[in-house]
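Heads up, the thing below is written out as structure tokens.
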2 protein chains.
Amino acid sequence: MKRFALKGQICYSAGLDEIRVMRQGYLLCEDGISGGVCLEFPEDWCEAEVRDYGNRIIIPGLTDLHMHAPQYSIRGMGMNLELLEWLNTQIFPEEAKYADLEYAERAYGIFVEDMKRGATTRACIFATLHLPATRILMEKLEQTGLKTMVGKVNMDRNSPDILREQDANRSAEDTVIWLEENLDRYQNVKPILTPRFIPSCTDELMARLKQIQAAYQLPVQSHLSENPGEIGWVQELCPESEFYGDAYDGFGLFGGADCPTIMAHCIHSGEAEQNRMKERGIWIAHCPESNMNLSSGIAPVRDFLNKRIRVGLGSDIAGGSSASIFRTMADAIQVSKLRWRLVDESLKPLTFEEAFYLATKGGGSFFGKVGSFEPGYELDAVVLDDTELKCPNCLTVKQRLERICYLSDERQIVAKYVAGKELFSIN
Amino acid sequence: MKRFALKGQICYSAGLDEIRVMRQGYLLCEDGISGGVCLEFPEDWCEAEVRDYGNRIIIPGLTDLHMHAPQYSIRGMGMNLELLEWLNTQIFPEEAKYADLEYAERAYGIFVEDMKRGATTRACIFATLHLPATRILMEKLEQTGLKTMVGKVNMDRNSPDILREQDANRSAEDTVIWLEENLDRYQNVKPILTPRFIPSCTDELMARLKQIQAAYQLPVQSHLSENPGEIGWVQELCPESEFYGDAYDGFGLFGGADCPTIMAHCIHSGEAEQNRMKERGIWIAHCPESNMNLSSGIAPVRDFLNKRIRVGLGSDIAGGSSASIFRTMADAIQVSKLRWRLVDESLKPLTFEEAFYLATKGGGSFFGKVGSFEPGYELDAVVLDDTELKCPNCLTVKQRLERICYLSDERQIVAKYVAGKELFSIN
């Protein structure tokens, strides 16, 4: 039994409306699991090591519920376009490059190095359709110690020859090969079934993927109701579906107890789609920066929260340019204010407390008991040193945390733990 | 006659729709003025020093048309509020602290150090109402070499006792004392008349300020049409005014050839107000991050551009949290996409080229011939090294510039020139 404690200015979410702060608290860790937070060090822990981070802030690791690793290489560029045109002119040609293993090695190397240094401890990641490149990504991620789910992407229609699987059969067979090889290969990286989105997958492929999902008991990630053009297209492709999400549901790939599912965006989800998501326990990955960059709109997150739909945050690299979930928190708050002002004054803007919840416990819950320091949670922690964000005032810990969300970058991250394991610690 | 040249990957705005790129070009500088950009080094410049920045990108310095220096200390905090409540609970108490010179020394020290390292070369800055603290700010700014305009703030009503001038007379007299002391004191810092906004200034004060403006030939900066609550309040305070801007105009403080004026925000400016701004040659300081943080809305910048109203960008510290005008460029593009999607699909989103124009030539024009490398412009230049923003692809210079706008921070800024003077250069 391995025990240790982190000491410092501890903050974690105690529900949507409250950030619990314990100044100079001890965060207990036993075999990778949180033993809770306390002000007095327990007597029976006297032999456990205490790592004292002083005035530094300790928060749960952040979860990125939606990102595309191969697109990291072109983030922050070509941002004058909307979704479908952007996919065709920027994204598909870039993803096609990952057929080249030297390129994959170099590009994923850069991505993974940056992920290691950021505040994200858990992430759900799209790779490309290529098996060998996806293996490179998974190997590299495994070595970081981050806990991630990675999806080899399925796509057998409506994309250029350079980035499309031959047919449903080939796509399904590749997926099985990939799963047989990787299902239990890694300690930190797990496969997740990843049909790109309805327009990219034939009905036959979706049916095969459902069989695979059921056989291997896989979680699923995909995209939903991001852009009006996309939604209209799905309606044409699946004329029998009641709404976009119903198209996934028709194939059995839309949540439910045996099929934990993340749907990214859900900006234009109407009542019926929201109700179905609630019913099936879908996790929504809210990706506000991406939704600005691609002119997609603003998801009604307040509505989701009111309905008790599960929500977390996603950077959506490279629809989003920044992989920092701190930045995503600020973006989520900011766009919710615009939505309140411009679209619907009945839906109050998100508060800082709520954004912090979404970034930690909200998204973390897709990984199980993750995203909190309450007893029994896997201990993911990020230690933040904001000394260089100079300030003439004495700030409360909570003020400092809010400021970090708006102003910090990877320089403020001085230590990181995932499931109780120290990934790095800078003195 | 002092001549030198900068060599590198040169980019500058050649109008709203075009960023001109000259790879391995020479940017000529003679007595602080640009001699233009060329591919071949002119023979008659053979004795001039060439500073070769290799593959680094050289752009005109950025202009911040609107920021509050005393609020830098509380940026990124207390962001759950709207404008008027935020002013009362966060801003006014903070600004009141600048009565304490030790505090001003410390707080402005931090502000000015950060300004020095950023990409901004010109800025229009609100101080507080305090003369001694404003002197400290101006002294510190002078030493940086940045070219700035600083305003001692006028406010004689509707603010707490701790931050209000006794009456119009006292406010006006203080302003004259301040002007007599500072009008020609500095080479880089010039005074700008700064009535906080209509709700903060009595009619009598506004009338006195007009006399002062005319006597000293001063430029003016203030706020306009930021928030619906504020606009309604102005209508109550000035029932005879046709619209908010007309209230300023009634006092002769709304542009015109003898009264160059910046109005920040202009989010809710209707046709009449926009037409008046056009007529009077007002510069609009567009502050997108602030306008999100304070739930103010999104200014119709496309409309302004169509009408040929002058527009530049502002960080609006601390309505905005980031003092980076690169970040403001990205924000301006992003919110324009949301406005297009959510409010008015007839007003196309801003392009990267347009945002770059606003950040350089658009705002720079308030300072004269500033913001371009065309011959005759004052030579403000920022040299950018994006090596650490690693990328597996060969990028064009323009792609690199776009990426810098989304991803860079002060670490990418390796040299800075203002009016031909090198402020720093990191090897």
Filtering region A:404-427 down to residues that are basic (Lys, Arg) and either surrounded by fewer than 18 Cβ atoms within 10 Å (Cβ to Cβ) or within 19 Å of A:ASP331 (Cβ to Cβ) (or both) yields A:ARG411, A:LYS421
With respect to B:LEU342, is the statement that it is more than 11 Å from chain A (Cβ to nearest Cβ) and modelled with pLDDT of 95 or more true? no
Using beta carbons and a limit of 6 Å, which pairs, at least six apart or on different chains, have the first residue in region A:90-113 and open to solvent by less than 60 Å² (accessible area, probe 1.4 Å) and the second one among the charged types (D, E, K, R)? A:TYR103/A:LYS97; A:TYR108/A:LYS140; A:ILE110/B:LYS390; A:VAL112/A:LYS140
Would you please name the residue that is surrounded by the most Cβ atoms within 10 Å (Cβ to Cβ), looking only at residues in region A:62-84 that are within 13 Å of chain B (Cβ to nearest Cβ) and modelled with pLDDT under 95? A:MET79
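One line per residue, one yes/no per condition, for (1) in contact (Cβ under 8 Å) with a residue 60 or more places away in the chain; (2) more than 18 Å from A:PRO199 (Cα to Cα); (3) surrounded by fewer than 16 Cβ atoms within 10 Å (Cβ to Cβ):
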position: A:VAL220; (1), (2), (3): no, no, no
position: A:GLY232; (1), (2), (3): no, no, yes
position: A:PRO239; (1), (2), (3): no, no, yes
position: A:PHE243; (1), (2), (3): no, no, no
position: A:ALA247; (1), (2), (3): no, no, no
position: A:CYS259; (1), (2), (3): no, yes, no
Run B:ALA299 past the list (1) assigned to a helix (DSSP H, G or I); (2) touching a strand residue (DSSP E or B) at 6+ places or on another chain (Cβ under 9 Å) and report the number of the one that doesn't hold. (1)
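Condition check ((1) farther than 26 Å from B:ARG208 by Cα; (2) within 14 Å of chain A (Cβ to nearest Cβ)) across all residues:
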site	(1), (2)
B:GLY256	no, no
B:GLY270	yes, no
B:ASN275	yes, no
B:TRP283	no, no
B:PRO288	yes, yes
B:ALA299	yes, yes
B:ASP303	yes, no
B:SER324	yes, yes
B:ARG327	yes, yes
Might you check whether a residue that is in contact with a Leu (Cβ under 6 Å, 6 or more places away or on another chain), more than 10 Å from chain A (Cβ to nearest Cβ), open to solvent by 10 Å² or more (accessible area, probe 1.4 Å) and under 24 Å from B:ALA123 (Cα atoms) occurs anywhere in region B:307-319? no
(1) in contact with a Leu (Cβ under 9 Å, 6 or more places away or on another chain); (2) of a type outside the set (Val, Ile, Thr); (3) part of a helix (DSSP H, G or I); (4) touching a residue at least 40 places away in the same chain (Cβ under 8 Å) all hold for B:ASN158 apart from (3)
Provide a single number: the residues in region A:118-137 that are over 16 Å from the mean Cα position of the chain (by Cα) and either more than 13 Å from chain B (Cβ to nearest Cβ) or farther than 15 Å from A:LEU163 by Cα (or both). 9
Scan region A:163-205 residue by residue and report those that are under 23 Å from the mean Cα position of the chain (by Cα), farther than 20 Å from A:GLY368 by Cβ, not in a loop (DSSP other than H, G, I, E, B) and not β-branched (Val, Ile, Thr). A:TRP178, A:LEU179, A:PRO195, A:PRO199, A:SER200
Restrict the check to region B:283-299 and report whether at least one residue is open to solvent by 10 Å² or more (accessible area, probe 1.4 Å) and aromatic (Phe, Trp, Tyr). yes
Failed item in (1) in contact with a Phe, Trp or Tyr (Cβ under 7 Å, 6 or more places away or on another chain); (2) hydrophobic (A, V, I, L, M, F, W, C); (3) closer than 30 Å to B:LYS97 by Cα, with A:LEU407 passing the rest: (1)
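To keep it simple, each residue is scored yes or no on (1) farther than 19 Å from B:GLY420 by Cβ; (2) in contact (Cβ under 8 Å) with a residue 40 or more places away in the chain.
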site	(1), (2)
B:GLY8	no, yes
B:LEU16	yes, yes
B:GLN24	yes, no
B:LEU27	no, yes
B:ILE33	no, yes
B:VAL37	no, yes
B:GLU43	yes, no
B:GLU49	no, yes
B:GLY54	yes, yes
Out of region B:320-336, which residues are buried (at least 24 other Cβ atoms within 10 Å of the Cβ) and charged (D, E, K, R)? B:ASP331
Considering region B:143-167 alone, what residues qualify as being under 20 Å from B:ILE192 (Cβ atoms) and in contact with a Lys or Arg (Cβ under 8 Å, 6 or more places away or on another chain)? B:THR144, B:GLY145, B:LEU146, B:LYS147, B:THR148, B:MET149, B:VAL150, B:VAL153, B:ASN154, B:MET155, B:ASP156
Can you name the condition, by its number, that B:ASP386 falls short on among (1) more than 12 Å from chain A (Cβ to nearest Cβ); (2) open to solvent by 10 Å² or more (accessible area, probe 1.4 Å)? (1)
Suppose the filter is away from chain A (no Cβ under 14 Å) and buried (at least 22 other Cβ atoms within 10 Å of the Cβ); does B:ALA355 pass it? no
Please go through region B:164-178 and give me each residue that is out of contact with any Pro (no Cβ under 8 Å at 6 or more places or on another chain) and of a type outside the set (Val, Ile, Thr), ordered by number. B:ARG164, B:GLU165, B:GLN166, B:ASP167, B:ALA168, B:ASN169, B:ARG170, B:SER171, B:ALA172, B:GLU173, B:ASP174
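Okay, residues lined up against (1) of a type in the set (A, V, I, L, M, F, W, C); (2) at pLDDT 95 or above; (3) in a loop (DSSP other than H, G, I, E, B); (4) touching a strand residue (DSSP E or B) at 6+ places or on another chain (Cβ under 8 Å):
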residue	(1), (2), (3), (4)
A:GLY232	no, yes, no, no
A:GLN235	no, yes, no, no
A:GLY245	no, yes, no, yes
A:GLY252	no, yes, yes, no
A:GLY256	no, yes, yes, no
A:CYS259	yes, yes, yes, yes
A:SER269	no, yes, yes, yes
A:GLN274	no, yes, no, no
A:LYS278	no, yes, no, no
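The values are calculated or read from the model by the stated rules, or taken from the named source; none is laboratory data. Remember, it's a predicted structure, so these values are computed and weren't measured experimentally. All Cβ positions, even for glycine, are placed from backbone atoms using ideal geometry, and neighbour counts span all protein chains on display. These accessible areas exclude ligands, DNA and RNA; they are computed on the full protein's heavy atoms, side chains included. Shrake-Rupley method; radii C 1.70, N 1.55, O 1.52, S 1.80 Å.
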